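Remarks on the structure that follows.
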Amino acid sequence: PSLRALGREEWSDLLVPAECCIVSSVSNAACDAYLLSESSLFVFDTKIVLKTCGRTRILDAVPGIVSLAQESPRVGCLKLARAKYSRSAFKCPEQQPAPYTHFALEVEALDELFGHLEGGGHAYVLGDQLNKSLWHIYTAGRSPPNSNPPASSCSHLKKSGGNLTLEICMTG
């Protein structure tokens, strides 16, 4: 089973709620890479990296991605165990669609998606408040035993012992 078993059309459908579309794609033996409008998507056998910018509504795509990863025998029927979301401070938060206008609203949305995971959800804001150089972080769930730390701080799904970890990163 592999997340790469999903084709371009399926990924395109999964990204519709995020209001982005696939512009082009390339593949090699290890990865399918998709250039998206305002975003990039990298699909590996056991993880997904979804990097967004602009006004992409990334959280709206999460339910479909998680549902398919959990229910599709082609993907391996993965179980969501941990989720991570992070982004820098927006330069113009008032130009973002809700819930991205305020991190507290994002946390509410993230708690709806992931708060049920073991250990619940936790939100943090790191950095220099005076210079508005901040990094917003949300984590939920627990790392599976014997799992390696993620290779990226951006969005990915990772299979580890039949568990699924979802990590999302937004910048811009």
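The values are calculated or read from the model by the stated rules, or taken from the named source; none is laboratory data. The model shown is predicted, which means the values in this text are computed figures rather than measured ones. Glycine gets a Cβ as well: all are built from the backbone with ideal geometry, and neighbour counts include every protein chain shown. Calculation scope for accessible area: heavy atoms of the full protein, side chains included, ligands and nucleic acids excluded. Shrake-Rupley method; radii C 1.70, N 1.55, O 1.52, S 1.80 Å.
Hey, any hits in segment 122-136 for a residue that's of a type in the set (A, V, I, L, M), loosely packed, with under 12 Cβ neighbours inside 10 Å and modelled with pLDDT under 85? Looking through segment 122-136, at least one residue is of a type in the set (A, V, I, L, M), loosely packed, with under 12 Cβ neighbours inside 10 Å and modelled with pLDDT under 85. Out of curiosity, is PHE42 under 25 Å from LEU130 (Cα atoms), crowded, with 18+ Cβ neighbours inside 10 Å, modelled with pLDDT of 90 or more and not charged (D, E, K, R)? Against the criterion (under 25 Å from LEU130 (Cα atoms), crowded, with 18+ Cβ neighbours inside 10 Å, modelled with pLDDT of 90 or more and not charged (D, E, K, R)), PHE42 does not qualify. Each residue in segment 49-71 was checked for being at pLDDT below 90, surrounded by fewer than 16 Cβ atoms within 10 Å (Cβ to Cβ) and within 17 Å of VAL107 (Cα to Cα), and 0 pass. Each residue in segment 54-71 was checked for being among the charged types (D, E, K, R), part of a helix (DSSP H, G or I) and within 12 Å of the chain's Cα centre (by Cα), and 1 pass. Residues in segment 76-88 that are more than 17 Å from the chain's Cα centre (by Cα) and either of a type in the set (A, V, I, L, M, F, W, C) or open to solvent by 30 Å² or more (accessible area, probe 1.4 Å) (or both): CYS77 only. Taken over segment 1-39, the criterion of being open to solvent by less than 80 Å² (accessible area, probe 1.4 Å), more than 24 Å from ALA81 (Cβ to Cβ) and in contact with a Ser or Thr (Cβ under 9 Å, 6 or more places away or on another chain) is satisfied by CYS20, CYS21, ILE22, ALA33, TYR34, LEU36, SER37, SER39. Against the list (1) within 15 Å of the chain's Cα centre (by Cα); (2) hydroxyl-bearing (Ser, Thr, Tyr); (3) assigned to a helix (DSSP H, G or I), the condition SER12 fails is (1).
The condition of being farther than 20 Å from GLY76 by Cα and of a type outside the set (Lys, Arg) holds for LEU15.
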